[in-house]
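Trainee: Before I ask anything, let me first share the structure, which is written out below as structure tokens.
Computed from the coordinates by the stated procedures, all read-outs in this text should not be read as laboratory data. Computed from a prediction, not measured in an experiment: that's the story for all the values here. Don't worry about glycine lacking a Cβ; one is built from the backbone with ideal geometry, like all the others, and counts go over all protein chains shown.
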Amino acid sequence: MAHSNPGPLPGGLLAWLEDDATAEGATLAAVGGGPAYERLTAILAAWSRRRDLYPTSPAEIRTRAETLRWTRGADSEARDGVPTHAFPAAAGGTAGRLPQRDFDLGRGWGFPPSGGPPAPVTAVLVAEGEDEQSWLRAGQALQRILLRAASHWVFASLRSQPLQSASVRAQIRSSLRATGSPQMLLELGVARTSRPTARRPVDELTPDR
């Protein structure tokens, strides 16, 4: 977990990140301030309101169960999942900001929300299509983007849950005037301190040969 600074990204870094995405067959589309950002927040706020209307829908029940499974309490010794220092205790909708996924689910585990201005850069990672090859390329592009960003002390808050909706993907694609399929929302900011996240041993993740 890294706490971001609202200052700008290092000079030239965003262009490098865009080139990294292109090299892997994807597109990193920066969302400018003003109307473009307002359109994006409006699209996601509408999606969030629709979701909140049906908390007992099968999709929301599955999402809640998945979140409970993969979030970890402060005293957990698990080597995977999302630790408490990586999510706020009260997620949700601050007017004019991208909605956050609720990892806390009312348990009071997360950190106090800090407020503050939006991240200096908001971007959408766009794949060529919605097939397995496109998903693979988008994943490779994301890996490359995050590695280069981290080498400059720039870290990302990632959001993919809204993009599971075909309607949201279509609206964002239209708003960006982009070709392809939006796969990930990124908010990028500079951070000078970070906390490690537990990782499982490699031999648990690789098949025996």
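Trainee: Using the Karplus equation 6.51 cos²θ - 1.76 cosθ + 1.60 (θ = phi - 60°), what ³J(HN,Hα) coupling, rounded to whole Hz, does each residue of segment 119-126 give in order, writing x for Gly and Pro?
Mentor: Listing the rounded values in order: 4, x, 9, 10, 9, 10, 8, 10 Hz.
Trainee: What FRET efficiency do you get for SER165 and LEU68 if R0 is 22 Å and r is their Cβ-Cβ distance, rounded to the nearest 0.05?
Mentor: 0.50
Trainee: If you don't mind, there's one more thing I want to ask. Consider the candidate values (1) 150; (2) 123; (3) 166; state which one is volume of the Cα convex hull per residue in Å³ computed from the structure displayed.
Mentor: Matching entry in (1) 150; (2) 123; (3) 166: (1).
Trainee: In addition: Which far-off residues, 5 or more places away or on another chain, put their amide H under 5 Å from the one on SER181, with H placed in the peptide plane?
Mentor: ALA127, GLU128, GLY129
Trainee: When 1/r is averaged over all different Cα pairs and the result inverted, which Kirkwood radius in Å belongs to segment 63-169?
Mentor: 16.1
Trainee: Let me ask something else about it. Among the complete DSSP H segments of the chain, which ones combine at least 24 Å of alpha-carbon extent along their axis with a mean Kyte-Doolittle hydropathy of -0.5 or more?
Mentor: Qualifying helices, which must be both long enough and hydrophobic enough, are 35-53, 132-151.
Trainee: Continuing with this model, one more query. Over the Cα atoms of segment 157-209, what is the Rg over Rh ratio if Rh follows Kirkwood?
Mentor: Rounded to two decimals, Rg over Rh is 1.18.
Trainee: Can you list residues from other chains, or at least 5 along the same chain, whose modelled amide H is less than 5 Å from the amide H of VAL121?
Mentor: Distant-sequence amide H within range of VAL121: LEU188.
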